[in-house]
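Colleague: Just dropping this structure here.
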Amino acid sequence: MDPSRDSTRFIEIGRHVDTPVAIANVPVHRASTVLFDTLEQAETAGRASAAGRPHATSYGTTGTPSTLALTDALAAIEGAGHACRAALMPSGLSAIATLMLALLESGDHLLVPDSVYGPTRAFCDGLLARMGVAVSYYQPTADVTELEAALRPSTRMIYLESPGSYTFELQDVPAICAWARARGLLTVIDNAWASPVFARPFDWGVDASVLPLTKYWSGHSDVLMGAVVIREALWPRLWSAVRQTGVCVGGDDAFLVLRGLRTADVRMRRHQANALEVAHWLASRPEVRRVLYPALPSHPQHALWQRDFSGASGLFSFELNPDTTGGAKPGFNVATAALCEGRRYFGMGYSWGGFESLIMPARLDGVRSVQPWTGGALIRVHIGLESAADLIADLAEGFEALHKVSERA
Ligand SMILES: *Cc1c(COP(=O)(O)O)cnc(C)c1O
């Protein structure tokens, strides 16, 4: 089969647009191949990107202008005031896994809070355990004395997540980091909840922070991505793991996260204002036993939140009062379905951090080993950017539906 006369031109045409126009955003660069003019350039770029030097790339996996713009932004915001670098992974969970593979080795012991994000626990108990890393779980509110008692000679890392998933316990991260540093232990935090706007974990003293960019950083429920931001001294270990596992992201997704980031500050302040209004209303309802939201004075560690965070995001839980809800039980059942299904503004889904509101009953059986959940039905809500009055009316209808099924029961 003869190639068409134009086959060479198909490859050649339309590749060299040197636009004289300045545009506000970094364009989307889609790239596997990076081209060089000379062999010397290729060699130098290869060496520099293998060493993880800033902005060095030799192939799409090591960076494009789109992904480098994003890693610059993340290191500058999350690591503000500290010498940090950032690397991108295709999801938040992938960032957690890559970071642990980078910093831990066979024979190491790792301490993880009991309220850790469920899939992180599955990775720790699964692949990580199989690789010979011993994992134990600690009470999320454990102080340094309790953590000290859990140490083994092989303990290498203290994993942190504050507030914890679903139950929103806060950790005294600065105290834990100071204590860990004095013992030569690494500290790593999952900083999903607070967003770039409300928390600065490097000021608290962490060695690395995991950012599920899928959530507030991108903010529009249309992209999956994660990042690790890490102190310069640990960067070579992380970069080596990134190179060996080949984790990377595409330019289109990097563009979406950068676009989300531009409005993170205004979005977060609206999430917070709406969430406070809805949380106060929930706390006043007879159907609700308590609201688990660090920004409410009723939260057991409200003082820690006031000290360490500059705001609260739109994610929190509330526990139903069994006495006023026909004995509603935790998990997926007729009562929690009545409350959550068919809401007008609250969708049901496992994610959060987008512009829209979500509701989901928590299922904690099997994901808590230190302190099993013994309370009533726990419902997690993500408060979006809608009007708080509409969200409250929607939840009020949910409570009415719940009363109807509990009367029937
Ligand atoms: C969603 C989430 C992640 C993982 O992010 P993905 O991009 O969905 O993999 C990690 N940690 C916490 C606390 C989360 O809520």
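The values are calculated or read from the model by the stated rules, or taken from the named source; none is laboratory data. Quick caveat, the model's predicted, so the values are computed rather than measured. Note: ideal-geometry Cβ built from the backbone for every residue, glycine included; neighbour counts use all protein chains shown. For accessibility, only protein heavy atoms count, side chains too; no ligands or nucleic acids. Shrake-Rupley method; radii C 1.70, N 1.55, O 1.52, S 1.80 Å.
Colleague: Report, in deg cm²/dmol and to the nearest 500, the calculated mean residue ellipticity at 222 nm for the chain, where each DSSP H run with n ≥ 4 adds -39500 (n - 2.57) and the sum is divided by the residue count.
Modeller: Counting only the DSSP helices, I get -11000 deg cm²/dmol.
Colleague: Same structure again: Nearest-5 percent of antiparallel DSSP beta bridges in the stretch 264-408?
Modeller: Of the beta bridges lying entirely in the stretch 264-408, close to 95 percent run antiparallel.
Colleague: Sequence-distant or interchain residues sharing an amide H contact under 5 Å with GLY52, placed H: which?
Modeller: Residues meeting the criterion, in which the H sits 1.01 Å from N, do not exist here.
Colleague: Which order do TYR138, TYR350, TYR59 take by accessible area at a 1.4 Å probe, largest first?
Modeller: Listed by decreasing accessible area, they come as TYR350, TYR59, TYR138.
Colleague: Under a GNM of the chain (C-alpha, springs under 10 Å), which listed residue has the highest mean-square fluctuation: LEU160, LEU104, LEU170?
Modeller: Of the options given, LEU104 has the highest mean-square fluctuation.
Colleague: Within the accessible area of the stretch 24-261, what % is carbon and sulfur when the probe is 1.4 Å and the other protein chains stay in place?
Modeller: 55 percent
Colleague: Among THR120, THR187, THR44, whose mean-square fluctuation peaks in a Gaussian network model of the chain (Cα, cutoff 10 Å)?
Modeller: Ranking THR120, THR187, THR44 by mean-square fluctuation puts THR44 first.
Colleague: Ok, one more. How much accessible surface does VAL144 have with a 1.4 Å probe, in Å² rounded to 10?
Modeller: Here the accessible area works out near 50 Å².
Colleague: Hey, another quick one. For helix 251-262, report the angle its Cα long axis makes with the longest principal axis of the Cα atoms of the chain; keep it between 0 and 90° and round to the nearest 10°.
Modeller: Taking the Cα atoms of the chain, the angle to 251-262 is about 50 degrees.
Colleague: Further question on the same structure: Counting only C-alpha contacts under 8 Å and six or more residues apart, can you give the relative contact order of the stretch 264-408 as a whole percent?
Modeller: Dividing the mean separation by the residue count of the stretch 264-408 yields 28 percent.
Colleague: Now for a separate question. Compute the helix-to-body angle for 388-408: its Cα long axis versus the longest principal axis of the chain, expressed 0 to 90° and rounded to tens.
Modeller: Between the helix axis and the principal axis of the chain, the angle is about 50 degrees.
Colleague: OK, next. Could you work out which residue, out of ASP308, ASP222, ASP207, moves most in a Gaussian network model of the chain, that is, has the largest mean-square fluctuation with Cα springs under 10 Å?
Modeller: The residue that fluctuates most here is ASP222.
Colleague: Then there's this: If you roll a 1.4 Å probe over the heavy atoms of the protein chains, what accessible area per residue do you get for the chain, in Å²?
Modeller: Roughly 46 Å² per residue, with all protein chains present.
Colleague: For HIS403, what is the net charge nearby, where nearby means another residue's Cβ is under 14 Å from its Cβ and Lys, Arg count +1, Asp, Glu -1?
Modeller: Net charge around HIS403: -2.
Colleague: Restricting the count to DSSP beta bridges whose residues both fall in the chain, what percent are antiparallel, rounded to a multiple of 5?
Modeller: Restricted to the chain, the bridges split so that about 60 percent are antiparallel.
Colleague: Can you give me the relative contact order of the chain as a percent, contacts being Cα pairs under 8 Å and 6 or more apart?
Modeller: 16 percent
Colleague: Explain nothing, just the number: relative contact order of the stretch 1-152, from Cα pairs under 8 Å at least 6 residues apart, as a whole percent.
Modeller: In percent, rounded to a whole number, it is 14.
Colleague: Take the alpha carbon atoms of the chain, find their radius of gyration, then divide it by 2.2 N^0.38 Å using N residues; give the quotient.
Modeller: Ratio of Rg to 2.2 N^0.38 Å for the chain: 1.09.
Colleague: Let me ask another. Output wanted: per-residue J couplings in Hz (rounded whole) for the stretch 309-321, from phi through Karplus 6.51 cos²θ - 1.76 cosθ + 1.60, θ = phi - 60°, x for Gly and Pro.
Modeller: Once θ is set to phi - 60°, the couplings for the stretch 309-321 become 10, 9, x, 10, 8, x, 10, 7, 10, 9, 9, 6, 8 Hz.
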